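**Q** Quick one: structure below, then a few questions.
The values are calculated or read from the model by the stated rules, or taken from the named source; none is laboratory data. Only a predicted model underlies this, so the values are computations on that prediction, with no experimental measurement involved. Here the Cβ is made from the backbone with ideal geometry for all residues, glycine too, and neighbour counts use every protein chain on show. Only protein heavy atoms, including side chains, enter the accessible area calculation; ligands, DNA and RNA are left aside. Shrake-Rupley method; radii C 1.70, N 1.55, O 1.52, S 1.80 Å.
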Amino acid sequence: MKLSYNWLKEYIDIRLSPEKLGELLTMAGLCVDSIHKKDNDSVLEIEITSNRPDWLSYIGVAREVGALTGKRLKIPNNVAVSCGSSQSRRGGVNGNSKATIRIEEKKLCPRYTARIIRNVKVGESPKWLKERLEAVGLRSVNNIVDITNFCLFETGEPLHAFDLDKLGGRSIIVRRASKGEKIKTIDGIERILDNDMLVIADDKSPVAVAGVMGGLYTEVSPQTKNILLEAAYFDPISIRRTSRRLALSTDSSYRFERRVDMGNIVRASDRAAQLILELAEGAAGEFIDMGKEEKVLKDIDLRLDRLNKIIGVAVSPSRAKSILTSLGLKVKPLSKNIVRLSPPGFRHDLQNEIDIIEEVARIYGYENIPETIPPVLEPGNRLSPDAVIDKNIRGILVNLGLSEIITYSLLSRKTVELARSSGDNVISIKNPISNEQEVMRPALVAGMLGSIRWNINRRSKDLKLFELGQTYFKEGDNSFIEKKCLAIGVTGQLYDGWIGHPRGVTLFDLKGIIEALFAQMGIKHVSVKEAINPVFSPASCACISVKDDAVGIMGQVDPKILRDFDIKETVYAAQIDCARLMRHISLEKKFRESPKFPSVIRDISIVADKNISNADIVSLIKETAGNILKDAEIVDRYSGGQIPEGKIGLTYRLEYQDPNRTLQDSDVQAIHSRIINALENNLGAKLR
């Protein structure tokens, strides 16, 4: 909302510069985003929170400034009194004006007022009125329309003026629109309505979209002689829905959406009528007021000792009462420590004692509340070792680019059978809610494959997922086992940076994820050996072991299982027993000195039998080299025309390093030769 500094000074005596005023309002919660000069004025751009619609008016902001500075609010006298020539009454029909008001949707329009003003002279607005509207970004239309806009910004109550002579039957009917009904609004656009939208209609058709925008046909023009001035309360939810569906947001709808003050309706209408009589002459006719009276908000009791305890500073009772009175609340002392407060109609956000305490703290000034060291409390319960490990596993896998999934613990028996996880140890539910919840999952693979299928069907094919959850088994007739497991699934393509090329994931990518996880969890002596498991393809399945303790299984999911799950992509998966893994986890971090002496890297290329595993070769190399060997890893695997049948070409990169001295070439060569001899004698491998 744009706030003119000069306009604001009409309602409060401001001695602060625009910049100081902006700081004061911002500290109180009314955020001033920017201030810019315009002619002899300064315009403040303020951000209004949705719970403070009273700030959407100059009087509302002036009230706030008055509370902050102690200055008296100056509300124009004619805002609070009715026009002298009008005859206010409750009713629907006026024989003299021949205007009829009927509210068909009282829930959506609990209060509606209409004021007849005759023989107006529509013309140009005076300079001061134009300047006020231009300061907030509005253009001048004519004196009648400009007055309704002026009063909207001054009081916060949206108003609308109809050309009374153009209203069919001189009737106003507040009703729902018929489906497909049309109206051309004052912006010249024809809009199609539906039966969820509230309209203002005459006896023929809609003449305005209630609370949003008026119709073109009944707008005030230079030929207008008699007007009907509308001021009403419309349901905020109804206005919000209508505004969204029509993609039409106006200053009026913005305020109605946030709830206007029902008690301000008559005062705003009085103010507009008085200005019309002054600037457009005319004669005031009947004032028709239909619907509910002002809604009285519930009283709130404030304990002054509770106020000081929450704020942390002693605010005197007189100071607290002064602040609350300046904000428009009525204060009634009940005892020395308790006061009863009656919130004004424009403060629907004040519902509890803590809301009142916040208001006092806000106006008192957060910057005036001294900083104090909070009391030292006993530390909360520490996480259990299992919870710490779970948290670490999740954090590591997320950092590796995986996304966590959570699947149901109850599955259909068919799903478990398709995942080849069924057996005598599966726990059945005696009274399942549905066929989809017949058994408790004995493994996480079925849920993992279901999630992969769900994502692929929605065109998300490059997946790296994991799940940390419980699995359930039956042991005997009455014994049940609950075991925590970790499942990992990868499929689709990987991208090696912005300069790389996409490639399909492989079993080695899955193996790398597991090795990285184990390394960060302090797990050492990990080995992977060929295995057989019904879930995985026989040619691509391996057992994961730590110090000869089998902790999991991984491999390429059997194509038959993937077809049963309607998955056409290749999927690699792993399941790890967390209970077994716990035995080998060490989260203690030990730092060691950076090596002082350089390492020496040598490659060794051999031709070995296909049946010899990589783990056996690496184990033999490390055993033969001793402590001087820092690392040994495979860097190339080749099988081609130059390699004999049943053989495979392997290249290993060996890194040697002595922490106490610089290695000589002769030292490395001796150990290197010993490794080659060991590979030939023990595994039958030959140099390439």
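**Q** Looking only at residues that are in contact with a helix residue (DSSP H, G or I) (Cβ under 7 Å, 6 or more places away or on another chain) and outside any loop (DSSP other than H, G, I, E, B) in region 29-42, which one is most open to solvent (accessible area, probe 1.4 Å)? I'd like the intermediate steps shown before the answer.
**A** Filtering region 29-42 down to residues in contact with a helix residue (DSSP H, G or I) (Cβ under 7 Å, 6 or more places away or on another chain) leaves 29-30, 32, 35, 38, 41-42.
So of that shortlist, the ones also outside any loop (DSSP other than H, G, I, E, B) come out as 32, 35, 38, 41-42.
Values: VAL32: 24, ILE35: 60, LYS38: 82, ASP41: 20, SER42: 5 Å².
Out of the qualifying residues, it is LYS38.
**Q** Let me ask another. Considering only residues that are of a type in the set (Gly, Ala, Ser) and either open to solvent by 30 Å² or more (accessible area, probe 1.4 Å) or more than 21 Å from SER249 (Cβ to Cβ) (or both), which ones fall in region 173-203? Can you show your working first?
**A** Filtering region 173-203 down to residues of a type in the set (Gly, Ala, Ser) leaves 177-178, 180, 188, 201.
SER178, GLY180, GLY188, ALA201, listed by residue number.
**Q** Among the residues of region 341-356, count how many are surrounded by fewer than 21 Cβ atoms within 10 Å (Cβ to Cβ) and outside any loop (DSSP other than H, G, I, E, B).
**A** Number of matching residues: 4.
**Q** If you don't mind, another one. Is region 327-335 home to any residue that is small (Gly, Ala, Ser), in contact with a Phe, Trp or Tyr (Cβ under 9 Å, 6 or more places away or on another chain), in a strand (DSSP E or B) and buried (at least 17 other Cβ atoms within 10 Å of the Cβ)?
**A** Step one: of region 327-335, the residues small (Gly, Ala, Ser) are 328, 335.
Cutting the leftovers down to in contact with a Phe, Trp or Tyr (Cβ under 9 Å, 6 or more places away or on another chain) gives us 328.
Subset that is in a strand (DSSP E or B): none.
The answer is no; no qualifying residue exists.
**Q** Given the conditions (1) within 30 Å of LEU449 (Cβ to Cβ); (2) assigned to a strand (DSSP E or B), report the number of the one that ARG563 does not fulfil.
**A** Checking ARG563 against (1) within 30 Å of LEU449 (Cβ to Cβ); (2) assigned to a strand (DSSP E or B), the one that fails is (2).
**Q** Something else about it: (1) closer than 30 Å to MET197 by Cα; (2) buried (at least 18 other Cβ atoms within 10 Å of the Cβ); (3) at pLDDT below 95: which one isn't true of SER57, the others all being true?
**A** (3)
**Q** Test each condition in (1) more than 30 Å from LYS483 (Cβ to Cβ); (2) surrounded by fewer than 16 Cβ atoms within 10 Å (Cβ to Cβ) for VAL388 and report the one that comes out false.
**A** (1)
**Q** Can you tell me which residue within region 98-153, out of those that are closer than 30 Å to GLU293 by Cβ and part of a loop (DSSP other than H, G, I, E, B), is least open to solvent (accessible area, probe 1.4 Å)?
**A** First, pick out the residues of region 98-153 that are closer than 30 Å to GLU293 by Cβ: 98-118, 120, 144-145, 147-153.
Narrowing the set further to residues that are part of a loop (DSSP other than H, G, I, E, B) leaves 98, 104-110.
Values: LYS98: 141, GLU104: 94, GLU105: 47, LYS106: 145, LYS107: 184, LEU108: 22, CYS109: 1, PRO110: 17 Å².
Selected residue: CYS109.
**Q** Okay, next question. Would you point out the residue of region 1-28, among those that are part of a loop (DSSP other than H, G, I, E, B) and open to solvent by 40 Å² or more (accessible area, probe 1.4 Å), that is nearest to ILE46 (Cα to Cα)? Spell out how you get there, then give the answer.
**A** Step one: filter region 1-28 for residues part of a loop (DSSP other than H, G, I, E, B), giving 1, 9-17, 28.
Filter once more, keeping what is open to solvent by 40 Å² or more (accessible area, probe 1.4 Å): 1, 9-10, 13, 15-17.
Numbers: MET1: 5, LYS9: 16, GLU10: 18, ASP13: 20, ARG15: 19, LEU16: 17, SER17: 16 Å.
Applying the filter and picking the extreme gives MET1.
**Q** Residue pairs, Cβ under 9 Å, 6 or more apart or interchain, first in region 303-318 and closer than 14 Å to PRO374 by Cα, second of a type in the set (Ser, Thr, Tyr) and surrounded by fewer than 11 Cβ atoms within 10 Å (Cβ to Cβ). List them.
**A** What qualifies is GLY312/THR372.
**Q** Has region 267-286 got any residue that is closer than 27 Å to SER342 by Cβ, open to solvent by 10 Å² or more (accessible area, probe 1.4 Å), at pLDDT below 95 and touching a His at 6+ places or on another chain (Cβ under 8 Å)?
**A** No, region 267-286 contains no residue that is closer than 27 Å to SER342 by Cβ, open to solvent by 10 Å² or more (accessible area, probe 1.4 Å), at pLDDT below 95 and touching a His at 6+ places or on another chain (Cβ under 8 Å).
**Q** Next question, about the same structure. In region 647-666, what count of residues is obtained for those that are open to solvent by less than 30 Å² (accessible area, probe 1.4 Å) and within 17 Å of ASP616 (Cβ to Cβ)?
**A** Residues flagged as open to solvent by less than 30 Å² (accessible area, probe 1.4 Å) and within 17 Å of ASP616 (Cβ to Cβ) within region 647-666 amount to 6.
**Q** Would it be correct to say that MET262 is touching a residue at least 40 places away in the same chain (Cβ under 8 Å), of a type in the set (A, V, I, L, M, F, W, C) and open to solvent by 20 Å² or more (accessible area, probe 1.4 Å)? Working first, answer last.
**A** Working: touching a residue at least 40 places away in the same chain (Cβ under 8 Å): yes; of a type in the set (A, V, I, L, M, F, W, C): yes; open to solvent by 20 Å² or more (accessible area, probe 1.4 Å): yes.
So MET262 fits the description; yes.
**Q** Looking at this structure, is ASP609 surrounded by fewer than 14 Cβ atoms within 10 Å (Cβ to Cβ), closer than 25 Å to ARG688 by Cα, acidic (Asp, Glu) and under 52 Å from the mean Cα position of the chain (by Cα)?
**A** When the stated conditions are applied, ASP609 does not pass them.
**Q** For region 180-189, give me the residue count where each residue is in a loop (DSSP other than H, G, I, E, B) and not charged (D, E, K, R).
**A** Going residue by residue through region 180-189, those that are in a loop (DSSP other than H, G, I, E, B) are 180-181, 186-189.
Going one step further and asking which of them are not charged (D, E, K, R), we end up with 180, 186, 188-189.
Here the count works out to 4.
**Q** Further question on the same structure: Grab the helices (runs of 4 or more DSSP H) fully contained in region 372-474, keeping just those with 1 or more residues being among the hydrophobic types (A, V, I, L, M, F, W, C), more than 30 Å from ILE532 (Cα to Cα) and touching a residue at least 40 places away in the same chain (Cβ under 8 Å). Walk me through how you get there before you give the answer.
**A** Values: elements: 385-399, 413-418, 445-456.
Of the helices (runs of 4 or more DSSP H) lying wholly inside region 372-474, those with at least 1 residues that are among the hydrophobic types (A, V, I, L, M, F, W, C), more than 30 Å from ILE532 (Cα to Cα) and touching a residue at least 40 places away in the same chain (Cβ under 8 Å) span 385-399.
**Q** Check every one of the strands (runs of 3 or more DSSP E) wholly within region 583-688 and list those with 2 or more residues that are modelled with pLDDT of 85 or more and more than 27 Å from PHE518 (Cα to Cα). Let's see the steps before the verdict.
**A** Values: elements: 600-609, 629-638, 647-656.
Answer list for region 583-688: 600-609, 647-656.
**Q** I would also like to ask the following. Out of region 475-507, which residues are surrounded by 12 or more Cβ atoms within 10 Å (Cβ to Cβ), over 32 Å from the mean Cα position of the chain (by Cα) and not in a strand (DSSP E or B)?
**A** Within region 475-507, VAL505, THR506, LEU507 qualify.
**Q** Please go through (1) at pLDDT 95 or above; (2) open to solvent by 10 Å² or more (accessible area, probe 1.4 Å) for LEU302 and return the number of the only condition it doesn't satisfy.
**A** Just one mismatch for LEU302, condition (2).
**Q** Are any residues in region 154-179 in contact with a Phe, Trp or Tyr (Cβ under 7 Å, 6 or more places away or on another chain) and not in a loop (DSSP other than H, G, I, E, B), and if so, which ones? Before you say what the answer is, go through the steps one by one.
**A** Quick first cut of region 154-179, residues in contact with a Phe, Trp or Tyr (Cβ under 7 Å, 6 or more places away or on another chain) only: 154, 158, 166, 174.
Correct list: GLU154, LYS166, VAL174.
**Q** A further question follows. Of all residues being among the basic types (Lys, Arg) and over 30 Å from THR662 (Cα atoms) in region 574-598, which is least open to solvent (accessible area, probe 1.4 Å)? Just the residue, please.
**A** Going residue by residue through region 574-598, those that are among the basic types (Lys, Arg) are 580, 583, 589-590, 592, 596.
Remaining after also requiring over 30 Å from THR662 (Cα atoms): 580, 583.
Details: ARG580: 87, ARG583: 159 Å².
Looking at the filtered set, the residue picked out is ARG580.
**Q** Using the structure shown, decide if LEU377 is open to solvent by 90 Å² or more (accessible area, probe 1.4 Å) and under 22 Å from GLY522 (Cα atoms). Outline the logic, then answer.
**A** Details: open to solvent by 90 Å² or more (accessible area, probe 1.4 Å): yes; under 22 Å from GLY522 (Cα atoms): no.
For LEU377, the condition - open to solvent by 90 Å² or more (accessible area, probe 1.4 Å) and under 22 Å from GLY522 (Cα atoms) - is not met.
**Q** Quick one: GLY552 ticks every box in (1) more than 19 Å from LEU400 (Cα to Cα); (2) part of a loop (DSSP other than H, G, I, E, B); (3) not charged (D, E, K, R) except a single one, so which number is it?
**A** Of the numbered conditions (1) more than 19 Å from LEU400 (Cα to Cα); (2) part of a loop (DSSP other than H, G, I, E, B); (3) not charged (D, E, K, R), the odd one out for GLY552 is (2).
**Q** Here's another thing I want to ask about it. Among the residues of region 229-241, is any surrounded by fewer than 24 Cβ atoms within 10 Å (Cβ to Cβ), over 24 Å from ASP289 (Cβ atoms) and among the basic types (Lys, Arg)?
**A** yes
**Q** How many residues does region 485-534 contain that are touching a residue at least 40 places away in the same chain (Cβ under 8 Å), within 21 Å of ASP616 (Cβ to Cβ) and small (Gly, Ala, Ser)?
**A** Of the residues in that region, 1 qualify.
**Q** Another one. Could you list, ordered by first residue, the pairs with Cβ atoms under 8 Å in which the first is in region 1-21 and within 18 Å of CYS31 (Cβ to Cβ) and the second is basic (Lys, Arg) and crowded, with 21+ Cβ neighbours inside 10 Å, at least 6 apart or interchain?
**A** SER4/ARG132
**Q** What pairs can you find where one residue is in region 175-197 and aliphatic (A, V, I, L, M), the other is open to solvent by 40 Å² or more (accessible area, probe 1.4 Å) and not in a loop (DSSP other than H, G, I, E, B), and their Cβ atoms are less than 6 Å apart, with a gap of 6+ or different chains?
**A** Short answer, once both residue conditions are applied: ILE192/LYS182.
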